[in-house]
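Asker: Before anything else, here's the structure in question.
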Amino acid sequence: MDTVIVLFTRDLRVHDHPALATACAQARHVVPLFVLDPAVPAGPRTPFLLDCLADLREHLRARAGDLVVRHGDTVTETMKLAGEVSAEAVHTSADVSALARRREDRLAAGRIPLRRFPGLTVVPPGALLPSGGGDHYRVFTPYWRAWSQYPRRAVLDPPERVPIPAGIEAGRLPGREPYTGMRGGEKAARARAERWLRLSLDEYAEGRDDLAGDRTSRLSPYLRFGCLSPLELVTKAAGAFVRQLCWRDFHHQVTFAFPEIDRRDYRPREVNWRDDQDAVQAWKEGMTGMPIVDAGMRQLAAEGWMHNRARLITATYLVKYLRVDWRIGARHFWELLLDGDVANNYGNWQWVAGTGNDTRPNRAFNPLRQARRFDPEGEYVRRHVPELAGLPADRVHEPGRQAGYPSPLHPSDPPGGRRL
């Protein structure tokens, strides 16, 4: 084969990249491509994405290649470039969202063969089927058992050379404004993963719910943009952290089977959602009067990230206490989270709302009890809600205890809910 285009989407790395590795092994010329598509706006994730692209370009140039950058509709620009370089195939990493599936279908309908490769998950979506029938697993525990036994492909080394044809205009990346958030890219991702696995993995099971200690890996943005291979990460990790990576695969296989997960109830329920724009705005701004909820929402706004335990608490408060449609909360998270992807964001929101894969749909986390359990000294709340900084640990979580701080929007238990 003479020339292959490798279309990067959210797989921005050179290590363990099956689509890239196969192209480099089989083709005389390889054209790595990324299209900045206005139909897929990055929003607040833009600086992180541009870091990832700049880092990917650096890795490719170190291997005699380059990253070709185009602007516009992904399929149109890919087919246009294919004509310019006389490409004989397009390689890409298979994805699961409705938008990604439509994009792949449009590419497959073109005049040039499209090859889809694994790489975004540990186990490819659709590879595991329940023994009782069905096209995917609906419950996590049996999926975890099957996932743990599934034979995995070998982790691939990065290609030594990426032989791009001469004379291609690579294109410029947009300028990046200085910012203080997490740095994107494979180099930063691998350094963080190596350090965290070496120093913190053994404490993960015990400390992952400690809100103030912040002992989670914070690798999720790098997994979302594919700066890390989830398969490679699994081979280096163990215990409770591997189970969390399995949860990620679980939501991807659900989304593969149900790509409308961001719009429709996976398991329809009769819920009378409240239309209360003031409550929604207070929740978004971290002004609900429930300190642990407000701390989580303010962390999200400030960092583009939120501790996983806080995500459960804040989401539960919106859908089970304020009775607001889960789609409203999920969309807000999607717009702000660095690690926001369709499968995990919307899958987890539906789990909380009782419309997803939770086998106990009436489950509800009591925010006050959760705060006292996972932020017993109040450090997390005081860190993110400065107007409560002067309160002692036995008072900081109590709603309405500080002058100028709002009263809680809904201090009672959710209807039909269960205290946790």
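Asker: If only one of Arg264, Arg269 is in a loop (DSSP other than H, G, I, E, B), more than 20 Å from Ser148 (Cα to Cα) and at pLDDT 95 or above, which one is it?
Answerer: Within the list Arg264, Arg269, the selection yields Arg264.
Asker: Filtering segment 287-328 down to residues that are basic (Lys, Arg) and under 21 Å from the mean Cα position of the chain (by Cα), which residue is farthest from Pro386 (Cα to Cα)?
Answerer: Arg327
Asker: Something else: Do we have any residue at all in segment 232-244 that's of a type outside the set (Lys, Arg) and within 12 Å of the chain's Cα centre (by Cα)?
Answerer: no
Asker: Give all pairs with beta carbons closer than 8 Å in which a residue from segment 175-200 that is in contact (Cβ under 8 Å) with a residue 24 or more places away in the chain meets a residue that is part of a loop (DSSP other than H, G, I, E, B) and among the charged types (D, E, K, R); count only pairs at least 6 apart in sequence or on separate chains.
Answerer: Met182/Arg218; Glu186/Arg13; Ala189/Arg13; Arg192/Arg218
Asker: Of all residues in segment 219-249, which are acidic (Asp, Glu) and buried (at least 23 other Cβ atoms within 10 Å of the Cβ)?
Answerer: Asp249 - this is the single residue of segment 219-249 that is acidic (Asp, Glu) and buried (at least 23 other Cβ atoms within 10 Å of the Cβ).
Asker: Further, regarding this structure: If you check Leu114, Leu219, which single one turns out to be touching a residue at least 12 places away in the same chain (Cβ under 8 Å), out of contact with any Pro (no Cβ under 9 Å at 6 or more places or on another chain) and in the same structural domain as Val68 (by TED's automatic domain parsing)?
Answerer: It is Leu114.
Asker: Here's a follow-up. Restricting attention to segment 166-177, does a residue exist that is of a type outside the set (D, E, K, R), in contact with a helix residue (DSSP H, G or I) (Cβ under 6 Å, 6 or more places away or on another chain), under 29 Å from Ala301 (Cβ atoms) and assigned to a loop (DSSP other than H, G, I, E, B)?
Answerer: Looking through segment 166-177, at least one residue is of a type outside the set (D, E, K, R), in contact with a helix residue (DSSP H, G or I) (Cβ under 6 Å, 6 or more places away or on another chain), under 29 Å from Ala301 (Cβ atoms) and assigned to a loop (DSSP other than H, G, I, E, B).
Asker: Sort out which residues of segment 146-165 are part of a helix (DSSP H, G or I) and either touching a residue at least 12 places away in the same chain (Cβ under 8 Å) or surrounded by 12 or more Cβ atoms within 10 Å (Cβ to Cβ) (or both), and write them in order of number.
Answerer: Residues satisfying the conditions are Ala146, Trp147, Ser148.
Asker: Before we move on, is Thr76 of a type in the set (Val, Ile, Thr) and more than 21 Å from the chain's Cα centre (by Cα)?
Answerer: Considered against the rule, which asks whether it is of a type in the set (Val, Ile, Thr) and more than 21 Å from the chain's Cα centre (by Cα), Thr76 comes out as yes.
Asker: Could you check segment 361-381 and list, in sequence order, the residues that are among the small types (Gly, Ala, Ser), touching a helix residue (DSSP H, G or I) at 6+ places or on another chain (Cβ under 7 Å) and within 10 Å of Ile292 (Cβ to Cβ)?
Answerer: Ala371, the sole residue that qualifies.
The values are calculated or read from the model by the stated rules, or taken from the named source; none is laboratory data. Just so it is clear, the structure is predicted and the values come from calculations on it, not from any experiment. Please note: Cβ atoms are built from the backbone with ideal geometry, for glycine as well, and neighbour counts cover all protein chains shown.
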